[in-house]
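First up is the structure itself, then whatever we jot down about it.
The values are calculated or read from the model by the stated rules, or taken from the named source; none is laboratory data. Computed from a prediction, not measured in an experiment: that's the story for all the values here. Cβ atoms come from the backbone with ideal geometry, glycine included; neighbour counts cover every protein chain shown.
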Amino acid sequence: MKKKSNKYRFLARVRSIFQNPALACLPVMVVMALPGQVHANESTIPQVEQKEALAFPAGAAGRPSYVAKWQRHFEAGNNPIGEMQSGLFCSRKGDIQWNAKTAELLLPTQVMFARFRGELQKYGYPIPVPKSTPLFVEKPDENAKEAPKPVDTNLQIGVVISQVLTNLCLKGNTSWTGDAYVKLEWQVFAPDQKKVIFRTTTEGVAKVRDKTMDGPISLIPVEAFAAAARNLLSDPNFALAIQTPYDSAAAAANQATPAGPVVSTPPGTPVGIDNRVAERQGTEIAKSITELRAAVVTVLANGGSGTGFYIGSSGWLLTNHHVVGEAKVVKVRLPTGRELVAEVMRVDATRDVALLKTEAPGVRPMPLRVDEPGIGEDVYALGSPLGDTFNTTLTRGILSGVRVLKDQEFLQSDVAILPGSSGGPLLDKSGQVVGITVAGLGAKGLAGMNFFIPLASAIDKLNLQLQNQGPKKQ
């Protein structure tokens, strides 16, 4: 019997490969390596650090987000991004191409949508709630006014797939090994502001060598995409962009208050605050903690709670704007259980600070320090975490740094804070206020991700004028 030539044997091998259902898509993806043809080598997959994703702070208000747009970058002509292999020893079959057709096979749009949503859910990030569809469409009342269209406060995420590398080996009918690398450019867009509020680039790698993965050809590249998504969630700036304290419209929506423009009201006339300096400067905070705790209150507003603290002797209070929301009047509860009505006098939504006023409470107000503490200096946080049950909880840390996030300066510290501590004071070792608690991004194994508004910035935005007085004479 006459032997078949090498040409016929090669064509038979090609036909057997494409008869496999798992490889039905490969004719548009692979340029076959013909005998004697020069071909590319396996792609070298870069080393990428897989960072620990930050869990969204429990109890924090956040804007739901979702992937709204994708873009993929292609180069003209053949654009090999790796090698297609098959068999027990992963013999080469051709080059994997990156173009408009293969992109949807390697990284299917709907699969990536679902995978990113799953990563957000896994780490506690808010996601949009599906809109309910009425069973019937009723005829509107001709005399009724047309209802205004609701403002979309969901954040839209755009992704540009700027680079892909992958080597894939088909071990069986649907069993794969290989590796993949993706580089993604992210943008977070706030439609109500018509502004991109966050940008970054992340990378992700997936390697499957010692075992196989069963499923479609996209399995391993999608795992690399998921790794890049987790590296996005490891960035504290992304979590800050999602949190509502930095966006007044979203804060109003999440607190179920009437939608509408939030107006910061820095008035023309300064408010005088009789600031009595610390009586025991340079001493340990433990010697004055009883008096300090008496000046910290739980702020009850919009069905939730936060923290505030007294400054001056006339009943002035500082807290966060997102704690009071759009309320004009709130209730505050002192550590003794006494409750007072507080009027919201001034707010600055961008800086997330608010000035409240009650009757004079008869407690010693917090001493204020406007100069910035030094890096490494001991600091202490007082607050009402998890509601009024744990009011005036004191935690200790150090000042880790001064950061600029979203064009705003923040003090960073590893001092522990929990939901409900927002609006509470950050103190130096003498018990003087140096900052206001605003956001906590601490996660297991990750320290130093809690942020505070510098006191001097809050005083400036609220147009307060400190009238320093010496220590009270005994």
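Below are the figures for this structure:
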read-out: Qualifying residue in segment 320-333 (condition: among the aliphatic types (A, V, I, L, M) and within 16 Å of Gly435 (Cβ to Cβ)); value: yes
read-out: Subset of segment 68-111 (residues that are acidic (Asp, Glu) and over 13 Å from Thr166 (Cβ atoms)); value: Glu75, Glu104
read-out: In segment 315-339, residue surrounded by the most Cβ atoms within 10 Å (Cβ to Cβ) [restricted to those that are farther than 27 Å from Lys429 by Cβ and touching a residue at least 40 places away in the same chain (Cβ under 8 Å)]; value: His322
read-out: Segment 195-212 residues that are surrounded by 19 or more Cβ atoms within 10 Å (Cβ to Cβ), paired with ones that are among the small types (Gly, Ala, Ser) and at pLDDT below 90 (beta carbon under 9 Å, 6 or more apart); value: Phe198/Ala241; Thr202/Ser234
read-out: Residue in segment 275-295 that is modelled with pLDDT of 85 or more and not in a helix (DSSP H, G or I) present; value: yes
read-out: Residues that are out of contact with any strand residue (DSSP E or B) (no Cβ under 8 Å at 6 or more places or on another chain) and either surrounded by 14 or more Cβ atoms within 10 Å (Cβ to Cβ) or at pLDDT below 75 (or both), drawn from segment 29-52; value: Leu34, Pro35, Gly36, Gln37, Val38, Lys51
read-out: Condition met for Ile398 (under 26 Å from the mean Cα position of the chain (by Cα) and either assigned by TED's automatic domain parsing to the domain that holds Asn275 or modelled with pLDDT under 90 (or both)); value: yes
read-out: Pairs, first aromatic (Phe, Trp, Tyr) in segment 101-124, second part of a helix (DSSP H, G or I), C-beta under 7 Å, six or more apart; value: Phe116/Ala229; Tyr123/Leu233
read-out: Counted residues, segment 202-255 - those being of a type in the set (Lys, Arg) and at pLDDT 90 or above; value: 2
read-out: Segment 349-361, residues that are buried (at least 21 other Cβ atoms within 10 Å of the Cβ) and either in contact with a Pro (Cβ under 8 Å, 6 or more places away or on another chain) or of a type outside the set (Lys, Arg) (or both); value: Ala349, Asp352, Val353, Ala354, Leu355, Leu356, Thr358
read-out: Among the candidates Thr177, Thr200, residue that is farther than 18 Å from Arg63 by Cα and out of contact with any Cys (no Cβ under 6 Å at 6 or more places or on another chain); value: Thr200
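Yes or no, residue by residue, for (1) among the β-branched types (Val, Ile, Thr); (2) over 20 Å from His73 (Cα atoms); (3) not in a strand (DSSP E or B):
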{"residue": "Ala114", "(1), (2), (3)": "no, yes, yes"}
{"residue": "Tyr125", "(1), (2), (3)": "no, yes, yes"}
{"residue": "Cys169", "(1), (2), (3)": "no, yes, no"}
{"residue": "Gly178", "(1), (2), (3)": "no, yes, no"}
{"residue": "Leu184", "(1), (2), (3)": "no, no, no"}
{"residue": "Ile197", "(1), (2), (3)": "yes, yes, no"}
{"residue": "Thr200", "(1), (2), (3)": "yes, no, no"}
{"residue": "Met213", "(1), (2), (3)": "no, yes, no"}
